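See structure below.
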Amino acid sequence: MPATAAPAVSAVPNALGRFGEFGGRFVPETLMFALDELDREFRTAWHDPAFTGEFHRILNEYVGRPSRLYFAERLTREAGGARIFLKREDLNHTGAHKINNALGQAMLTKRMGKKRVIAETGAGMHGVATATAAALFGLECRVYMGVEDIRRQELNVFRMKAMGTEVFPVESGSKTLKDATNEAMREWMSTVEGTHYIIGSVVGPHPFPLMVREFQSVIGIETKRQCLEQTGQLPAAVVACVGGGSNAAGIFHPFVDDSEVSLIGVEAGGHSPQAGQHASTLSFGAPGVLHGSYSYVLQDDDGQTSDVHSVSAGLDYPGVGPEHSYWKDTGRVRYTSVSDKEALDAFHLCGRLEGILPALETAHAVVETMREAARRGPDEVVVLCFSGRGDKDCAEVARVTKK
């Protein structure tokens, strides 16, 4: 599709949950009632000062928001161009941006009178955030996680269990995030009356892409204000990693109508561009349906969802949120990819230069941030959404780099 001018932020999605041609609902009839209920409850809550006031109170007092916008002086010197600032979502309680959305959806669960939540997780950070929110609000919780991800995210599995959450191992398929999402969707169909499914990214059927984006937009709202306060200008570019795409949607969305701000999403390039060796959906995928939404999907010649690979469990997903697909086709966001090796090198570089270990997901965005800063002058600012801390990945980085 040729690039066209994007309408104002408020114009998408439409009432049917469509971002241009993307989004919508492609689910069994058994879920339509629950999605209608969720849509009504979210829209009512989001315009209720009591709900939003309590949401922001918890983000401030419990999560520790606003997160810092930090000038990375040594990374800036290494890049040799624009000033690099890190939006420090890794400093949130639980160590990533995922807690913003998990708390919002847990509040909606209570508002709907439901007592149980389920979730999927890849890197484990959404699972930990959901377990945290469930413990805080007294909800029963089960998290679906592929056994390959359980192996490489042992610390987060322990954290979930320590907070009283059941971690359900998924043995099917590639045993990673896609398969965990499949199982969570199946379970939700049979337990929907008393269970809410806390989807962790801007994926899935309407209203999830809209709702998750709104809960995560606190990142971009804070970033815009902080950048103006600290530098006197908007950033020249904002960079974020993209798997399903929630941290990117959260930081990009408040900047979408600021045409002078370049927005750059970074996908997982894996080992190579060969099918099955990467998770670069927007670079190599085609429009299709996955997990209840029409968006770009990595598919084979028969239209079946392809296997994917990334050293980062959180980017190891064959789809992407429909709003990212819309932004790609309108040309508002530029999407690129970074290889496993480049991300691993950036993990170590950030640690050595700034004393901050990024999550492997974040490390992909570090690579492109350095490239973007090098292309710009010292009077400009590049902001990196530092989506999560790297504690969870240390054992896997050590294992992979020994090879």
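The values are calculated or read from the model by the stated rules, or taken from the named source; none is laboratory data. Because the structure is predicted, anything quoted here is derived from the model rather than measured. We place every Cβ from the backbone using ideal geometry, glycine too, and count neighbours over all the protein chains shown. Just the protein is used for accessible areas: all its heavy atoms, side chains included, with ligands, DNA and RNA removed. Shrake-Rupley method; radii C 1.70, N 1.55, O 1.52, S 1.80 Å.
At 0.36 nm per residue, minus the direct Cα-Cα distance, what do ASN14 and GLU229 gain on full extension? Give it in nm, one decimal, please.
That pair, ASN14 and GLU229, stretches by 74.0 nm at full extension.
If you take the square roots of the eigenvalues of the alpha-carbon gyration tensor of region 120-200 and sort them as a ≥ b ≥ c, do you get rounded (a/c under 1.5), prolate (a/b over b/c) or oblate? It is oblate, given that a/c is not under 1.5 and a/b is not larger than b/c.
With 23 Å as the limit, the listed pairs LYS115/LYS161; LYS161/LYS341; LYS98/LYS224 have LYS161/LYS341 beyond it between alpha carbons.
Take 282-291, 91-100 and order them by the average number of nearby Cβ atoms within 10 Å per residue, most first; the result is 91-100, 282-291. Amide H to amide H, with H built 1.01 Å from N, GLU267 comes under 5 Å of VAL242, THR336, SER337, VAL338, counting only residues 5 or more places away or on other chains.
Label-to-label distance, LYS115 versus GLU193, with points set 7 angstrom from Cα along the beta-carbon direction: 1.4 nm. Assuming 0.36 nm per residue, please report the length gained on full extension of the stretch GLU154 to GLU29 beyond their Cα-Cα distance. Answer, rounded to one decimal: 41.3 nm.
Is the chain rounded, prolate or oblate when judged by the Cα gyration tensor, a ≥ b ≥ c being the square roots of its eigenvalues, rounded requiring a/c under 1.5 and prolate requiring a/b larger than b/c?
Working: a/c = 1.30, a/b = 1.23, b/c = 1.06.
Because its axes are fairly even, with a/c under 1.5, the chain counts as rounded.
When HIS364, HIS47 are compared by accessible surface with a 1.4 Å probe, the order from highest to lowest is HIS47, HIS364. Take the alpha carbon atoms of region 312-359, find their center, do the same for region 373-403, and report the distance between the two centers in whole angstrom. Between the Cα centres of region 312-359 and region 373-403 lies a distance of 9 Å. Couplings for region 387-394, taken from phi via the Karplus curve 6.51 cos²θ - 1.76 cosθ + 1.60 with θ = phi - 60°, read 5, x, 8, x, 3, 4, 9, 4 Hz in order; Gly and Pro are left as x.
When each of the peptides 380-391, 198-209 is scored by the mean number of other C-beta atoms lying within 10 Å of its residues, the order from highest to lowest reads 198-209, 380-391. Between region 11-56 and region 178-217, what is the separation of their alpha carbon centroids in Å? When both Cα centres are located, 11 Å separates them.
What share of the DSSP beta bridges in the chain is antiparallel, in percent to the nearest 5? Taking every DSSP beta bridge with both residues in the chain, the antiparallel ones total about 30 percent. Take 127-134, 69-76, 213-220 and order them by the average number of nearby Cβ atoms within 10 Å per residue, most first; the result is 127-134, 213-220, 69-76. Over the chain, dividing the summed -39,500 (n - 2.57) contributions of all DSSP H runs of at least 4 residues by the number of residues returns a 222 nm mean residue ellipticity of -13000 deg cm²/dmol. Based on the alpha-carbon gyration tensor of region 164-237 and its eigenvalue square roots a ≥ b ≥ c, which shape applies: rounded if a/c is under 1.5, prolate if not and a/b is larger than b/c, or oblate? Note, shape of region 164-237 comes out prolate.
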